[in-house]
Every structure is written in structure tokens, then in C-alpha cells.
1. Per residue of the chain, what 222 nm ellipticity follows from adding -39500 (n - 2.57) for every DSSP H run with n ≥ 4, rounded to the nearest 500?
2. Could you order TRP122, TRP103, TRP97 by accessible surface area, starting with the largest, using a probe radius of 1.4 Å?
3. Just to verify a number: FRET efficiency for MET502 and ASN348, C-beta to C-beta distance, R0 = 45 Å, to 0.05?
4. Are there trypsin sites (Lys or Arg not before Pro) in region 290-374 that DSSP puts in a loop and that have at most 15 other Cβ atoms within 10 Å, and which ones?
5. If you take the square roots of the eigenvalues of the alpha-carbon gyration tensor of region 489-586 and sort them as a ≥ b ≥ c, do you get rounded (a/c under 1.5), prolate (a/b over b/c) or oblate?
6. Using a Förster radius of 41 Å, what is the FRET efficiency between ARG276 and GLN590 based on their Cβ-Cβ separation? Nearest 0.05, please.
7. Tell me the relative contact order for region 457-615 as a rounded percent, counting alpha carbon contacts under 8 Å between residues six or more apart.
8. Place a +1 charge on the Cβ of each Lys and Arg in region 48-144 and a -1 charge on the Cβ of each Asp and Glu, then give the dipole magnitude about the Cα centre in debye, rounded to the nearest 20.
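The values are calculated or read from the model by the stated rules, or taken from the named source; none is laboratory data. Just so we're clear, the structure is a prediction, and the values are computed from it rather than from any experiment. Neighbour counts are summed over all protein chains in view; Cβ atoms, including those assigned to glycine, are modelled from backbone coordinates with ideal geometry. Ligands, DNA and RNA are stripped out before the accessible areas are found, and what is left, the full protein with its side chains, is counted by its heavy atoms. Shrake-Rupley method; radii C 1.70, N 1.55, O 1.52, S 1.80 Å.
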Amino acid sequence: MSAKLQTPIDYLKGVGPNRAGLLRKELGIHTYQDLINLFPNRYIDRTQYYKIKGLQRNNADVQVIGKIIGFKEVAQKRGKRLVATFQDDTGTIELVWFRGQKWIRENLKLNKTYVAFGKTNWYGGKFSMAHPELEVQEAHEKNLRSAMQPVYPSTEKLSNSGITNRVISKIMQQLFIETNGKFVETLPENLRSELKLISKKSALFNVHFPKSQELLSRAQFRLKFEELFYIQLQLIIKNLVHKSKIKGFPFEQVGYYFNTFFKEHLPFDLTNAQKRVLKEIRSDLGSNAQMNRLLQGDVGSGKTIVALMSMLMALDNGFQACLMAPTEILSVQHYSGLNELCKQLNINIEILTGSTKTSKRKEIHKILENGELQILIGTHALLEDKVKFKNLGLAIIDEQHRFGVAQRSKLWRKNTSPPHVLVMTATPIPRTLAMSVYGDLDISIIDELPPGRKSIKTVHRYDKNRLNVFRFIRDEISKGRQIYIVYPLIQESENMDYKDLMDGYESIARDFPTPDYQISIVHGKMKPADKDYEMQRFIKGETQIMVATTVIEVGVNVPNASVMIIESAERFGLSQLHQLRGRVGRGAEQSYCILMTSYKLSNDSKTRLETMVKTNDGFEIAEVDLRLRGPGDLMGTQQSGVLNLKIADIIKDNDILQLARYHSKNILKLDPTLSNTDNKVILDTYRSLSKYKNIWNYIS
Ligand code: ADP
Ligand code: MG
């Protein structure tokens, strides 16, 4: 990176303090370097002109050649707008200004030929263009350097302050003049020739001033590759450094607990995927480095048993283990399931949550600290400072998307040296995305469901079919099955949702009266103890119907429940719907998921419902979800830094991402310290990227 590029943007000719302030505030552009890295969102073919008669309602930006044949002022609620009639030989449109009218009146001339450029609106039987860019035709032709004109990211404030796209193009030009277009190469020669990547200099030039479509594509490819390459490099280095610096506790042996459980108490044969994942975990735990692993597996793929067997490895080596889950219900469920299995092995296991009584809590603290307690299950309560382990060897976090990175590291600090960490998530994300988002974690995937699972039949029904749905429920209950009915609960409208839930409950109670039917109800406003009581009634089969809000979304396991009814399904996100559906299909019976909605559905809702009906595959669903919501949203804000890309698109450019990952891995494998002369440019760039974090802020 040349020093010149660190010059504050204020010094660029054409950028005064005023504009500089706006560029900083609106686009985060502080230096020349930042401006260079402001990449166009798209390009417009400026050699293409529209005739007014040929305009379509859904045209984006268009260019029209014509003359202004008259102005008028139109009064409106506040102030007035200026309207010009713009004519070509096929018709007229209106040009409209809400601001800057004086300047327009003084500078635009009647009956002179202009090129008007902008977005058209269709209103009142007419096309209009608000705040068009206008250029005298001759000047336009002279200025036309390239057919593809970049369109830069902008904000309302910028365009209102006169920093239009044209202004940005102009200052970009000025930047190339002042720097002579000399930009330091940031990828090594051998890599560039292997991948036929054009030079940095040429790429930057052509991305801002494309000479041809072909050069533009090559410029974009090169810059996207570079962006993804350095992100991957950083993640991989972080991972390597982590492994070499952070010593874990080597679990040298597989002993009594693991072997006895495996030989005598395992309730079923492990799937091949479970076996593979256990091997991966085993090999991490046996090494000197601290494990930091993400375990992905669709709902019902059997992550719990993997968690238990991993904990047994810790116990076999004299260490304690803990399992943290995001909700009380889920912790209780984990505890009761694991307690059964642990009893057979005489393992000391306890549960700690927000509602654990003080006396019990004290006792747990004590036996945890003196080492008597071997496994602790619980909620966030495990993170409290009072909770001290004697020697925590393995911490498992279930359903990671509910916990932040900060909490993960809080668990680490519970020891002098960090325990091994296994993060389990049932929100599958495409593997390559996972690699770039959680690049500092190793990843294991359970990509196989236990045998004999019948795939869940999913249908979409409108509210008015409710009677049929109720009849279906009655039939299923008469066969001995249990039913979930779930209502949405969204923070903002909590009270209304609560009312919906209660109304729903009452109408269900009417249609399914006692003593023939028993109904459980669970929602967020209940005390934990009451929730647990209702939940237990359902688990024991004392109630046939469970009416609930999304508190049951995560992890609940009642194999006899075979029908999941989701009310107002259009209000749920895809991954949530998939999670909810995952509550059924856990037993031997055919299971069903019924998505109830009103008739009014947005396009996105329709796509979500169709996807749910079409597939049971969590990874496929995740891909659709990603397309609908974009990656930033997917992981919550905590991870978005990594995804804040300048030019590449993590979804669309997935193949480039894989290429970049392959090459960064390969280079580090051959030259871990990047000390070969060939790789000097990588090292230099890598260093300057970490130094100028604020500039390349996509490096997390
Ligand atoms: P999840 O991955 O969603 O946490 P669970 O661990 O709760 O899934 O497992 C779902 C159900 O499948 C449980 O009832 C569990 O006992 C059962 N299960 C897990 N592994 C197997 C297997 N290999 N064969 C048969 N059933 C299994
Ligand atoms: Mg689970």
C-alpha cells in the first residue's frame, strides 16, 4: 500500500471539507484508499437510449434524449414542485424537482437537446422522472468514455447534498490522476498467473472505468478473489495460531466410562455420521491443542448422544464437563435424558438453572469446586462467577445461535487454561458459509439421520380449513398420538400475541373438552416451575395437546408427538419453522406438520411455505433462507463484520470463496510463516490489512 493512499480524502482536488465530512459520515470514506475501495453496485449501459413511447413501467434507470418545452410550478402540501415537460419525437414525460428549483430555472434552457437520466415513475397515466441527471447532448457524447457507467453506493443525504453518482465518478477520476493509477500489487505473481488474474492496477482501473464488459468481469473476479483470499487467510492463521498457542488438556485415554457406555448402554447403533464426528472430536481431545469445534447437525440428527460420549472422554481423564443450553426447558430435558444414562455408570450429574433453589445451588457450587460433581447441565446460570469448577475439561454449548461469542469466551475463562469447547447448532448453514463465518472454528457435520425415520409430511392450510384440521387432530389422538399447536410470539407485539394464544387455547379447549382430552399450555409469561409442570405432563403422555408459543422451538424431544400445527405460519422465519417441525418425526409413526395461514401472504412468505412443503432437508432450507434474508441477518449482528464485504457476495460468489479458501490454505500449508520470497507480497498485504483495520473493515 503506498503512503499516498493514506492521504485524508479532504486533500483530493474537488473534495472540500464539506464533502469530505459527508463522505466520512455517510460512506465511511476517510482516505484515498477508502475511496478506491468504494466499488460500484452495478453498471449502466450509457450508450443505450430510450424513446419515450418505449418506456416500461418497470424500467430502472433510463436515458432519454429530448428537449424541455416548458416549465410549471405546482403547489403541494409544503412548498411547491417544479415540473418540466420533456419531449422527444415519440411523446412527453415530466421532469420533477422538489429542491434546487431556482438553480434549475436559471441554468436549464428551453429547446436545447439534453440527455435526461434517472429512474422513471408511472403516476397518473404518465411517466415522470424526479431529480434527473441532465447533460447537454454534445457534452454527454464527449464525456462518454465507456459504455458501462458505474453506479456507486449512495445515501439519501449524499444525493440531497449534491454528491451525485456523477460527482463520485469525477472525484474517482481525480484520484486516478493524482495517484497516476499506480497501485501496489497485492497478490503474488505465481498465483496470478496460475489463476489468470489481472493486475491490481488494471483491476482497479477497470472496475471504476470499465473499458469493456470482458475487462470488467476480469476486474471483478480478481478483486473478489483478493477480498475473499485475505479473509480466509486471516481466519486460517487465527485458527493455526490458536492451536499452537492455546494448549488444551490432552485427554490421553479412552477409559472405563466411554468403553462401558459404548459396549453396554448405548441405546442404539450410532449412525456413520455420528461415528465420524466422534472420531473427529476424539482426535482433537487427544491432541495438545485446545478444541474449538462446531458441530452442525439437522434437528433430530442425534447430537445429544455425541455430546454425552464426548463428556465421557473428559471424565475418563479425570476432568469435569458441562453442557449449556439456552432455555430452562431444554436444560431440564437434557438433564433428565442424560441422567438416565449416567445413572447406569454411577456418574454424578446435576442441573443448575435460574430456578434452582438456593440450598441446592450452594450444594452444587460446593461439589463442583471440590470435584465430586462430574457433569453439570444448565442454562446461562453456568456462567455466573460463583460457578467454579475444579477442573473443567470440556464445555459443550447447545444451539449456538442463542449464545454470543462473548459468552463462549466466558466459559473458557472458567479455568486457568481453557477447556475444550464444542458448540452444537441445529441451524445448519451451508458449509462454505460456515467456513467463512466461523472460520476460526473447526467444523463437524452430522449429515445423516438415524435409520427408520419417516420423513415428515408437511402441508399448508388456510384458516378456513380449520375444521378439517381439527378432525385430523382428533383422528391422530384416537390413535394414541400427541399434538403440538404453536403460536407466534414476537417481542414487539407480545400482548397481542399473548391474546391470540389465549383465544386459540380457548377455542381448542372448546373443541377438545375434558375429560376426553387434556391440554397443556406453555408460554413465556409462566413461571419456570409451571412451565416445567405442563411440559412434564405432556412428556409423560398425560396430556394429548400442547398449546405453546415458540418456547418449545429448541430441542424438545417427545417421540410420541406426531403432529405439529403452526398457527400464523407466515409470521415465522424459515429456520424457525424448520426447528418447530423438528419437534415431530422423532418416533416410529408417520408425522405431520400443518402450516396454518390467512389468505394474505407476501411473496417471501409464500416462498417460505413452499420450501417447507417441498423439503425436509435443513441444509436446503438454510440455502433458501440465506437467499431470502441475506447473510448478515442470519448469524445476528455478532458475526456480521466478517460478512461485511466490499465487492464479493458470499452467496453468489461461493465458487470464488472456495477457490480462495483452497489457495490460502495451500499457501499456508507449504509456507506457514509466509517467509518465502514468493509470498512476501502476501505477508506485506496481510500485515497492512491487520494494521489498517478501519480501512479494510471487512477483516473482522
Ligand atoms: P438433535 O440433534 O436434534 O439434538 P437428538 O440428539 O435429540 O437430536 O436426537 C433425536 C432422537 O434421535 C432422540 O430420541 C435420540 O435418542 C435418537 N437417536 C439419536 N441417535 C440415534 C441413532 N443412531 N439411532 C437411533 N436413534 C437415535
Ligand atoms: Mg438437540
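1. Theoretical 222 nm ellipticity from helices: -12500 deg cm²/dmol.
2. I get TRP103, TRP122, TRP97, largest accessible area first.
3. 0.60
4. Counting only loop positions with at most 15 other Cβ atoms within 10 Å, the trypsin sites (Lys or Arg not before Pro) in region 290-374 are LYS357.
5. Working: a/c = 1.44, a/b = 1.14, b/c = 1.26.
Rounded shape, in that the Cα axes give a/c under 1.5.
6. Details: r = 29 Å, r/R0 = 0.71.
After rounding, the FRET efficiency stands at 0.90.
7. Once normalised by length, the contact order is 33 percent.
8. On the way: 17 positive and 10 negative charges, 113 e Å.
Here the size comes out at about 540 debye.
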